[in-house]
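Undergrad: My questions all concern the structure below.
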Amino acid sequence: MIRLFRRREKDKADAAATLPEDLSRWRKALNRTKANLANAWQFATIGEVEVSAEFFDSLVGNVTSGQTRTFTRERWDPSTWPEQAEGVGMTEAPRGALAHWIRIKGRKIDNYQLVVPTTWNGSPRDPKGQRSAYEASLIGTPVANLDQPLEILRTVHSFDPCIACAVHLYDPDGKHLHRVRFY
């Protein structure tokens, strides 16, 4: 029994001695997984665009061939539009909440506003101090090389933001450390 106890203690000591190496391997595997997920998301998005383009082409084909059961031809003539109008549309898009507001005066757009998922996901902290999805997802993300913070890039890109991307890296005191541009 004493031998078994000593062996367990030795196994624990051996395990503790190799923990940093195991942790390093785990972190590398996690970063590869994040990169693979980001790549998969980009491929899925490209696939969605291709399917949407084909669907749009088929709809236009339906209209041009005379299939108008879900198409109101007179609504395409601006002279039929109301002089004044307001509208709002909201939906849940793949990236998050999406909302559009429009006001028309004199048959022209007077005001158009939209709040897109990137606005929500990349927003500054709210009045209660809650972080945006981007900021919250970066907490605790290990960065192997501060001159090339690829882990941060991959995490932000996993949200598929609709922005010209640049990642700025700051230390906890707010000092700018590095900028990575992607365009």
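The values are calculated or read from the model by the stated rules, or taken from the named source; none is laboratory data. From a predicted model like this one, the values you see are computed outputs, not experimental measurements. Cβ placement follows ideal geometry from the backbone for every residue including glycine, while neighbour counts extend to all protein chains displayed. Ligands, DNA and RNA are excluded from the accessible area calculation, which covers all protein heavy atoms including side chains. Shrake-Rupley method; radii C 1.70, N 1.55, O 1.52, S 1.80 Å.
Undergrad: Give me the percent of Cα-Cα pairs in the range 58-127 that sit more than 13 Å apart, rounded to a whole number. Working shown, then result.
TA: Numbers: 1813 of 2415 pairs.
Every Cα pair in the range 58-127 considered, those over 13 Å come to 75 percent.
Undergrad: Still on this structure, I have one more. How far apart, in nanometres, would the label points at ALA85 and ARG179 be if each is projected 7 angstrom from Cα along the Cα-to-Cβ direction?
TA: Computed distance between label sites ALA85 and ARG179 equals 4.3 nm.
Undergrad: Subtracting the Cα-Cα distance from 0.36 nm times the residue separation, let me have the gained length for LYS128 to ILE46 in nm, one decimal.
TA: Here the answer is 25.9 nm.
Undergrad: Considering only protein heavy atoms, what per residue accessible area in square angstrom results for the range 74-162 with a 1.4 angstrom probe?
TA: Solvent-accessible surface per residue comes out at 70 Å².
Undergrad: Once the piece of chain linking THR72 and ASP160 is laid out straight, how much longer is it, given 0.36 nm per residue of separation minus the C-alpha distance between them? Numbers along the way, then the final one.
TA: On the way: separation 88, 0.36 × 88 = 31.68 nm, distance 3.50 nm.
Computed gain between THR72 and ASP160 is 28.2 nm.
Undergrad: Each residue of the range 128-135 in turn: what ³J(HN,Hα) in whole Hz from Karplus with 6.51, -1.76, 1.60 and θ = phi - 60°, glycine and Pro shown as x?
TA: Running phi through 6.51 cos²θ - 1.76 cosθ + 1.60 with θ = phi - 60° gives 8, x, 6, 7, 6, 4, 4, 4 Hz.
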